[in-house]
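Worksheet: one structure, shown below.
The values are calculated or read from the model by the stated rules, or taken from the named source; none is laboratory data. Computed from a predicted structure; not experimentally measured. Glycine gets a Cβ as well: all are built from the backbone with ideal geometry, and neighbour counts include every protein chain shown. SASA here: full protein model, heavy atoms, side chains in, ligands and nucleic acids out. Shrake-Rupley method; radii C 1.70, N 1.55, O 1.52, S 1.80 Å.
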Amino acid sequence: MENFKVIIVEDVPLELKGTEGILRNDVPEADIIGTASNEAEYWHLLKQQKPDLVLLDLGLGGSTTVGVEICRHTKDIYHDMKVLIFTGEILNEKLWVDALDAGCDGIILKSGELLTRRDIVNVMDGRKFVFNQPILEKIIKRFKQSVNSQIIRQEALVNYEIDEYDERFLRHLALGYTKEQITGLHGMPFGVKSLEKRQNELVRKLFPDGNGGIGVNATRLVTRAIELHILDADNLHPDDN
């Protein structure tokens, strides 16, 4: 790896000292050309000399959004500059997503393995989505949950004989659409009476025991569809008309 210039943005002196130590001991190719504890200091440094890498903490001055905005503006102005997030925000998953949307090249959590030479090398080599072990474990867990959820849903659609129109009908009922509105969806070839028949047929499929003799309205029907994983409550989106 060739020598490169680094700016470290960190507002906690002890953590800044630790980060500088990691670079000097493990990444001798890194030339620390400046450090900043806030946004103003960072932009002042950037006017003086352009780094190849910004090692950026997200939580600056008690704010969890300043770092994200620094990342976004940096990437907007300097497309080729590397921005590696090194953050103690180990539970704020929304903040990680915001940082990724802002264009960062990776996220290293200040937990477990911390920052390693391998992380720096990967970023400087142009690799995207560089993560350390703590965040990778969370990503893998979410990935497995997502895949398993999709498998369960596909099995439910088959087991309860739910076709495309049933799914669209149930999903839009869950979103609060009336039957009249659903008939107006693009590619929906049914009138209100046909949808009423479909609703009755879905009640029969999803409540084979008759729901204990209690009537099933549209709200109870879509709730049952969610319980059976026919509908994904986290992904209820209307079709484009």
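Just so you know, in segment 163-214 the residues that are small (Gly, Ala, Ser) and under 23 Å from Arg153 (Cβ atoms) include one that is surrounded by the most Cβ atoms within 10 Å (Cβ to Cβ), and it is Ala174. Looking across segment 19-37, the residues that are open to solvent by 30 Å² or more (accessible area, probe 1.4 Å) and closer than 26 Å to Ser63 by Cα come down to Glu20, Ile22, Ile32, Ile33, Thr35, Ser37. Based on this model, can you work out whether Leu53 counts as at pLDDT below 95, in contact with a helix residue (DSSP H, G or I) (Cβ under 7 Å, 6 or more places away or on another chain) and surrounded by 15 or more Cβ atoms within 10 Å (Cβ to Cβ)? No. Can you confirm whether segment 131-150 contains a residue that is open to solvent by 40 Å² or more (accessible area, probe 1.4 Å) and in a loop (DSSP other than H, G, I, E, B)? There is no residue in segment 131-150 that is open to solvent by 40 Å² or more (accessible area, probe 1.4 Å) and in a loop (DSSP other than H, G, I, E, B).
Scanning segment 59-93 for residues that are at pLDDT 90 or above and under 16 Å from the mean Cα position of the chain (by Cα), we see that the one that is surrounded by the most Cβ atoms within 10 Å (Cβ to Cβ) is Ile85.
Gln181 passes every criterion in (1) polar (S, T, N, Q); (2) touching a Gly at 6+ places or on another chain (Cβ under 9 Å); (3) not in a loop (DSSP other than H, G, I, E, B) apart from (2).
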